[in-house]
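The values are calculated or read from the model by the stated rules, or taken from the named source; none is laboratory data. Being a predicted model, the structure only gives us computed values, none of them experimental. Methodologically, a virtual Cβ is constructed for each residue, glycine included, from the backbone with ideal geometry; neighbour enumeration extends over all protein chains shown.
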Amino acid sequence: MTNLDENKKDQKELLQLVSFKIGDEEFGVDILSVQEINKMSQITKVPNTPVFIEGVINLRGRIIPVIDLRVKLGMIRKDHSKNTRIVVVELKDQTIGFIVDEVCEVLRIPKEITEAPPEMVGGVNSEYITSIGKLEDRLLILLDLNKILSTDEFKQIETAA
């Protein structure tokens, strides 16, 4: 084995994540998919949209659909607090805002501390989950935002925007 091979082996693959809370559960998403994080702003309701679509916001001249991630993940809707944030992401060439209870931090974790999710995690369907990160004192549920919305739901979001 050459020195180059040994160096590659020593370098652990790191995941860079934005972590946030919904209820008592902590979630993480790939930082590269996150464009920005905003405080709650005025959301305009759009009639005849699925229950999980909160409405749309005007983000510097762009109309962005906003999804209540609590509702989409099958959790009970909750009033927004001073900690509630809109995580703006880019999915399939569409900019979308996800409402979360609180944004926690940006993390860098070794991929090796993650493992495949069990069938049901914290009431969240495992099809949305890429893995579970085992941190020292907590578990971090890593979400695949591309799987949260079906093709039909993406079409409904495009219509709403």
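Details
- Some residue of segment 53-63 being surrounded by 20 or more Cβ atoms within 10 Å (Cβ to Cβ), within 20 Å of Asp144 (Cβ to Cβ) and either under 17 Å from the mean Cα position of the chain (by Cα) or without any contact (Cβ under 8 Å) to a residue 40 or more places away in the chain (or both): yes
- Residue in segment 129-149 that is modelled with pLDDT under 85, over 11 Å from the mean Cα position of the chain (by Cα) and β-branched (Val, Ile, Thr) present: no
- Tabulated pairs, segment 118-136, first surrounded by 13 or more Cβ atoms within 10 Å (Cβ to Cβ), second modelled with pLDDT of 75 or more and among the hydroxyl-bearing types (Ser, Thr, Tyr), C-beta under 6 angstrom, 6+ apart or interchain: Ser131/Thr114; Gly133/Thr114
- Residue in segment 129-161 that is nearest to Arg108 (Cα to Cα), counting only those that are part of a helix (DSSP H, G or I) and acidic (Asp, Glu): Glu153
- Residue match in segment 16-36 (condition: in contact with a strand residue (DSSP E or B) (Cβ under 7 Å, 6 or more places away or on another chain), touching a residue at least 40 places away in the same chain (Cβ under 8 Å) and over 22 Å from Tyr128 (Cα atoms)): no
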